[in-house]
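Only one structure is covered here, and it is reproduced in the block below.
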Amino acid sequence: MTRLSFRHELRQQTQAQHVATEHDLARFTASPIGHLPWFLATQRAGLWAVFCSVDPAALICTPVLHDLIARLDADLAATGTTAHPAQPLRGLDPLAVDYLILGSRLGTEVLRRQIFADQPPSALPAYFQLSPQPDLWRAHCAALDVIDPASARAATIIADTNTAFSLFQQAARRQDTPEKVAAL
C-alpha cells in the first residue's frame, strides 16, 4: 500500500475539524454583507489566539500574521466593531500554525472571488486584499513533505492543527457573547 505524504495525511486527519470550523463560519458565507463585521472580528480573535499560542520566530507565516492582524484592526475600526478575544494556548507546533494560516489564505481567496467578484479590489475590506501567498504555501508544503507520517512529530502537528481550528471556533462563539470583553 502506498503511503500518503504527510501533507496529505494532515489534510485528511484535520478535515473533520476544518469542516466544523467552516460550519461555525457559515453565517458569513450565507449572508456576507450582514455578517461581515462578525466575520472580521472572528478572524481577528482567532488569528491573535493562534499567534499567541506559538513561538513566532519559528513560523514561516509571521509576517503574514502581522499583516493580517493590522488589516483586520483597520477593517474593524472602519466598522466600529470590537473583536472579543479567544483564549490562546501555549506550545502549538509552528508547522500546524503555518498550515492553518497559509491554508486559510487560499480559502480567503476563494471567498473573495465568490463574495466580492463584482467589486474592485480597492472596495474590499483590507483583510480580503492580501494575496494568498503561494510562495510561502509552497515552502510550507515542502517542510511538511519531509515529515514522516508515522512520527511523533506528525501526530503532534495533526493534534495542534485541530486545536488551532478549535481556536477559530472559540473565536466565532466569543463574537456572539453579549458581555463586554476587553478588545484585543
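The values are calculated or read from the model by the stated rules, or taken from the named source; none is laboratory data. As the structure is a prediction and not an experimental result, all values here were calculated from the model. Don't worry about glycine lacking a Cβ; one is built from the backbone with ideal geometry, like all the others, and counts go over all protein chains shown. All accessible areas refer to the heavy atoms of the entire protein, side chains included, with ligands and DNA or RNA removed. Shrake-Rupley method; radii C 1.70, N 1.55, O 1.52, S 1.80 Å.
Limited to the range 33-55, what total is found for residues that are without any contact (Cβ under 8 Å) to a residue 60 or more places away in the chain, assigned to a helix (DSSP H, G or I) and open to solvent by less than 50 Å² (accessible area, probe 1.4 Å)?
Qualifying residue count for the region: 4.
Examine the range 80-93 for a residue that is over 15 Å from the mean Cα position of the chain (by Cα) and of a type in the set (Ser, Thr, Tyr), and state whether such a residue exists.
The answer is yes, given that some residue of the range 80-93 is over 15 Å from the mean Cα position of the chain (by Cα) and of a type in the set (Ser, Thr, Tyr).
What's the number of the condition LEU4 fails, among (1) closer than 23 Å to THR156 by Cα; (2) part of a helix (DSSP H, G or I)?
Against the list (1) closer than 23 Å to THR156 by Cα; (2) part of a helix (DSSP H, G or I), LEU4 comes up short only on (2).
Being at pLDDT below 95 and within 24 Å of LEU10 (Cα to Cα) narrows it down to one residue among LEU59, LEU95, LEU47, LEU89; which is it?
Criteria check complete, one pass: LEU89.
When you go through ALA78, ALA159, ALA139, ALA154 one by one, which is the residue that is at pLDDT 95 or above, surrounded by fewer than 20 Cβ atoms within 10 Å (Cβ to Cβ), in contact with a Phe, Trp or Tyr (Cβ under 7 Å, 6 or more places away or on another chain) and part of a helix (DSSP H, G or I)?
Exactly one residue qualifies, and that residue is ALA154.
What is the one condition in (1) free of Cβ contacts under 8 Å to residues at least 24 places away in the same chain; (2) open to solvent by less than 50 Å² (accessible area, probe 1.4 Å) that ALA30 does not satisfy?
Looking at each condition in turn, ALA30 falls short on (2).
Would you tally the residues in the range 29-66 being touching a Gly at 6+ places or on another chain (Cβ under 9 Å) and not polar (S, T, N, Q)?
We begin by selecting, within the range 29-66, every residue touching a Gly at 6+ places or on another chain (Cβ under 9 Å); these are 37, 53-55.
Still in the running and not polar (S, T, N, Q): 37, 54-55.
Matching residues across the range 29-66 total 3.
Do we find that LEU65 is closer than 25 Å to LEU36 by Cβ and assigned to a helix (DSSP H, G or I) in this structure?
Considered against the rule, which asks whether it is closer than 25 Å to LEU36 by Cβ and assigned to a helix (DSSP H, G or I), LEU65 comes out as yes.
Could you tell me which residue of the range 162-184 is modelled with the highest pLDDT, considering only residues that are open to solvent by 60 Å² or more (accessible area, probe 1.4 Å) and in a loop (DSSP other than H, G, I, E, B)?
If we take residues in the range 162-184 being open to solvent by 60 Å² or more (accessible area, probe 1.4 Å) and in a loop (DSSP other than H, G, I, E, B), then ASP176 is modelled with the highest pLDDT.
Any residue in the range 125-150 that is closer than 20 Å to LEU59 by Cα sitting within a Cβ distance under 6 Å of a residue that is assigned to a helix (DSSP H, G or I) and of a type in the set (Gly, Ala, Ser)? List the pairs, counting only those 6 or more apart or interchain.
ILE147/ALA154
Check PRO63, PRO94 and return the single one that is open to solvent by 60 Å² or more (accessible area, probe 1.4 Å) and under 27 Å from ARG138 (Cα atoms). It would help to see each step written out before you state the result.
On the way: PRO94 fails: open to solvent by 60 Å² or more (accessible area, probe 1.4 Å).
Result: PRO63 is the single residue among PRO63, PRO94 that is open to solvent by 60 Å² or more (accessible area, probe 1.4 Å) and under 27 Å from ARG138 (Cα atoms).
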